[in-house]
Amino acid sequence: MSVNWTRDAAAHLLRRAGFGGTPSEIDDLYARGLEAAVSRLVDYDSIDATAYEQSLAAKNYNMGNVRGLQQWFLDRMAFSPRPLEEKMTYLWNLHWTSWISKVRGTTLILNQNKTERQYAVAKFDDLVVKISEDPAELVWLDNWLNRANRPNENYARELMELYTLGIGYYTETDVREVARALTGWTVQNYRRDDNYNSATFLDNPAIHDAGSKTILGQTGNWDGIDAIRIILNHSDSDGSVSGRFLGAKLWTFFAYENPPPQVVAELRDVYVASDHSVREVVRAILLHPEFYEAHTRKTWVRSPAEYAVASVRMIEAQTDFATPSNSLAGMGQVLFNPEDAKGWDWGTSWMNTGTLFARSTMANSMSTNRGSAGTRFDPNRLLAGRDASTAEKVVDILADRLNVDDVSSAVRGAWIAYVNANDDGSLGNWTNTPANVDKKVRGLVHLMLTSPAFHLA
């Protein structure tokens, strides 16, 4: 099976490997061809982000509170020239959760986010080690209190269950033994009441259990590095367990839930052959013909953060992200503050009466903002260079931009009727005037952003 590389396929790729794109970004990816387009996203180190980093720093987000951290991260997701880098950072932020309400150190949460970005597509082993040594994670799951005479199993359990292997591939004995191996991995200079916490990782041999341990059938005087190595190299009759776990996790995030066994097996083999490279597993997914099949597209329910970022990106809005960050809680997701160690439930769990109202409120705020501050966009820019002489053409221009051109004829007809309607609601006929563009394009953007089609990527 081969990939039918079309402009729609390029748009799909950018929705999943990033947060959606503008028409010019989609055109650029399409013109590159499949392999070059995927390489452009996956091999993002070649993209110079210096100008963006300078502009981000100049915005002076308040990194001393969680709202400032959210604005900073949303800005990166929306405007970084390396969309996959931020998409992967977002994934690891969902995967390795840390609750700022417990950690109580914005610097620690920020540093964890930077670590997730630095190792986003690195060797999985390196990412696991760096997060396991991360002060925010050590505090969040209590390993900083794990010592030889008082072992704490919280992180050891989640390390295997949630982060590397999955349920069923370890025993309670393995949990205890991994916890023993992780004793001594703690933090220094940590204060629970210090919002700008400067705690750092400390491997303290004085509180490490140096005795013999048996982890997944292997016995020795293991430490934390040994435990992670044993876990990530563990195999059963179907090969690498962590390879299947990571392959299924990444496929679920980029494509759809419950990946076919043969796809998981293929990704496991890529993982093993590439020496556990996250980058190569992601590349394999984005080049896989199944990734581009019709049943893969428009099936991923955008999380609140993805919804906010996609809205901003796809209408090329200007923003300080105050409105989007303030809207996240009502949508059901406070970045850096998950409900528990497994993070948020995905999919339709994001959708209920209250969260949909919050999404609509945010879209309305964006669409009606005619000022020079906050989140706003220029409706004229959305039609620039296009034939917008009829209501049908206006609808099609915006539907293409927002990737909602697959709606039913009835919905499209309702949008056309709205654009044609007079201010009093009576039947009319669209004319391309500045006043109509300002009113109708703004209203139509709101209708599209709140349509069921836009909630799906």
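The values are calculated or read from the model by the stated rules, or taken from the named source; none is laboratory data. The model shown is predicted, which means the values in this text are computed figures rather than measured ones. Because the Cβ atoms are built from the backbone with ideal geometry, glycine has one as well, and the counts that use them run over all protein chains shown. Protein only, heavy atoms only, side chains kept; ligands, DNA and RNA dropped before computing areas. Shrake-Rupley method; radii C 1.70, N 1.55, O 1.52, S 1.80 Å.
For the chain, carbon and sulfur atoms together expose 50% of the accessible surface, with a 1.4 angstrom probe and every protein chain in place. Put the Cα centre of the stretch 193-231 next to the Cα centre of the stretch 1-76 and the gap is 36 Å. On the basis of the beta-carbon distance and an R0 of 41 Å, D378 and Q188 show a calculated FRET efficiency of 0.20. Shown is the FRET efficiency for S24 and N258, computed with R0 = 51 Å from the Cβ-Cβ distance and rounded to the nearest 0.05: 0.90. How big is the Kirkwood radius of the stretch 1-133, worked out from every pair of different alpha carbons and given in Å to one decimal? Kirkwood radius, the stretch 1-133: 16.2 Å. For the stretch 149-250, the C-alpha radius of gyration divided by 2.2 N^0.38 Å, with N the number of residues, is 1.19. The length gained on full extension between N4 and T299, counted as 0.36 nm times the residue separation minus their Cα-Cα distance, comes to 104.3 nm.
Could you work out the relative contact order of the chain, using alpha carbon pairs under 8 angstrom and six or more residues apart, expressed as a whole percent? Walk me through the intermediate numbers first.
On the way: 689 pairs, mean separation 71.8, N = 457.
Computed over the chain, the figure is 16 percent.
Taken along the Cα-to-beta-carbon direction at a fixed 7 Å, the label points for R370 and Q318 span 1.7 nm.
Please find the FRET efficiency linking T171 to T353, where r is the Cβ-Cβ separation and R0 is fixed at 56 Å, and quote it to the nearest 0.05.
On the way: r = 43 Å, r/R0 = 0.77.
About 0.80, to the nearest 0.05.
Relative to a virtual label point 7 Å from the Cα of E35 in the Cα→beta-carbon direction, which members of the stretch 273-293 show backbone nitrogen distances below 16 Å? Answer for this model: 283-289.
What pairs from K130/K249; K59/K102; K87/K130 go past 22 Å between their alpha carbons? Don't skip to the answer; put the middle values down first.
On the way: K130/K249 19 Å; K59/K102 28 Å; K87/K130 19 Å.
In this structure, K59/K102 lie more than 22 Å apart at Cα.
Max-minus-min Cα coordinates of the chain on each principal axis give 82, 54, 41 Å, with the largest extent listed first. Solvent exposure of the chain, expressed per residue, is 40 Å² of accessible area, with all protein chains present and a 1.4 angstrom probe.
Note on A273 and S389: their simple-model spin labels are 5.4 nm apart, each label 7 Å out from Cα toward Cβ.
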